[in-house]
Amino acid sequence: MTRNGRHRAYWLIAIVSLATFAVACGRATEADINAALGITPTPTMSTDDIATATAEAAANATRVAEGGEDAAAQDTTNLASLGNAMIGRTTFLSNCTGCHVANGSGVAPPLPGANGLAAPLTDTQLYNTIRDGANHGADIGGPGAKANLTDKQIYDMIAFIRAQP
């Protein structure tokens, strides 16, 4: 067999093998593939189930943050997981950076970061501080003067604050 003949034979074998593989894969059912790979599929939640679970989690987190649970439960509540850090950044920038400048040059110390005011606080304590506006009078314009922040906006801000290095 010549060199050209061998080259054609290799290509023929490769194409036949690929075609055989494609046909064989097309005949297997999803259950057969899952069984062969050892996969146990879990049911997918409907959009209604997801919306209900999210609403329940947010309501529970708010209840805990407002003191509806004992102190131990409050300290382990992860409110940042209910928020979106990117949206929280926008809310933080529009409500807090007038005083809490990241480099410390503001009239108040920075909140985010390892040395920020929020670092030693639990998420629940931070939620209460933002919601109630501790140390922020109406004359300062802090969150105590801005009662229009929703729980979701506060969760987003907590997520942003926690995401900062």
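Each reported figure results from applying straightforward, stated rules to the coordinates on display, with no laboratory input. Remember, it's a predicted structure, so these values are computed and weren't measured experimentally.
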If I stretch the segment between A9 and R27 completely, what's the gain in nm (0.36 nm per residue apart, minus their alpha carbon distance), one decimal?
3.8 nm
How much length, in nm to one decimal, is gained on full extension between T52 and T20, taken as 0.36 nm per residue of separation minus their Cα-Cα distance?
6.8 nm
